[in-house]
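> Have a look at the structure that comes next, please.
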Amino acid sequence: MSKKILVITGSPRKKGNSFAMTDAFIKAAEAKGHTVTRFDAAFKKVGGCRACETCFSTGKACTFDDDFNAIAPAILEADVIVFTMPVYWYSIPAQIKGVIDRIYSLVVGGKDISGKECALICCCEEADESVMDGVRIPMERMCALNKWDMVGEVLVPGVLNVGDIGKTDGCARAAALAEAV
Ligand SMILES: Cc1cc2nc3c(=O)[nH]c(=O)nc-3n(C[C@H](O)[C@H](O)[C@H](O)COP(=O)(O)O)c2cc1C
C-alpha cells in the first residue's frame, strides 16, 4: 500500500552522514511507490515552542508563524514520519528539536495524530551505540505518547566526518527501513 511519508531531517550538513542515510531511505521508499515529503529543519526557520497554548487560534497550528506552520499540515496528513539526525551533545540537535517540540501544538489543538508509524535514523561519532540514547529514548517516548508505532530504528555509531557513513552499512540499513513502513 502506498503511504504518505514525511521525512524530517536535523543535520545542517547536506553531504553529511545522516543526509546520506536519509537519501538512501527516500530512494528506497519512492521505489516502493510511497509518496515522500522532506523537511530539512536546519535550512528552515523553526523556533522553539513558546508554551502560549493558543495553538490553532489563528487557524494555523502555531500562533507564532514560521516554517513550522508550513510543515504542520504534512505532519497531520502523514501515515509515516521518519526523523533523521546526528547526535549533538548526547541529545537531539536544536535544528530539529523545535519541530519536535511544536508537534505539541497539534496535541493542544485537539488534532487526532494517533495511529501513525514512526522511524528514526541517527548517527554519532563515538563507537558506543548508547551515545544515541539521548535521541532514541525521547523519540520512543514521544511516539508512545502520541500512539505512534515505532517501526524501525537505524542507529549508526562511529561516524564523524562527511563520508564516514560509507564505511558502514548505515545506508543499506536506511534503505532496508523502507521495507518496514
Ligand atoms: C555540535 C556537535 C555536537 C556533537 N556531539 C556529539 C556527541 O555528543 N556524541 C557523539 O558521538 N558525536 C557528537 N557529534 C558528532 C556527530 O554526531 C557526527 O559527526 C555525525 O556523524 C554528524 O552527522 P551528520 O554528518 O549527519 O551531520 C557532535 C557534532 C557536533 C557538530
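Derivation of every value follows stated rules applied to the coordinates shown; laboratory data play no part. Since this is a predicted model, take the numbers as computed values, not measurements. Glycine also receives a Cβ, built like all others from the backbone with ideal geometry; neighbour counts cover every protein chain displayed.
> Got a sec? Charge dipole of the chain, +1 on Cβ for Lys and Arg, -1 for Asp and Glu; which of Ala78, Leu177, Gly158 is way out at the positive end?
Ala78
> If the viscosity is 1.002 mPa s and the temperature 20 °C, what Stokes-Einstein diffusion coefficient in µm²/s follows for the stretch 7-123 when Rh is the Kirkwood radius over Cα pairs?
145 µm²/s
> Beyond 31 Å between alpha-carbons counts as too far, so tell me which of Lys147/Lys167; Lys14/Lys111; Lys4/Lys60 fall in that bin.
Pairs exceeding 31 Å: Lys147/Lys167; Lys14/Lys111.
> Sticking with this structure for a sec: Just in the stretch 88-181: which GluC sites (Glu not before Pro) are loop by DSSP and have at most 12 other Cβ atoms within 10 Å?
Answer in residue order: Glu179.
> Next question, about the same structure. Need the C-alpha centroid separation for the stretch 104-181 versus the stretch 35-86, integer Å.
For the stretch 104-181 versus the stretch 35-86, the Cα centre distance is 18 Å.
> Contact order normalised by length for the chain, with contacts defined as Cα pairs under 8 Å and 6 or more residues apart; what percent is it?
The value is 29 percent.
> Ok, one more. What does the highest-first list of 163-172, 102-111 look like by mean Cβ count within 10 Å?
102-111, 163-172
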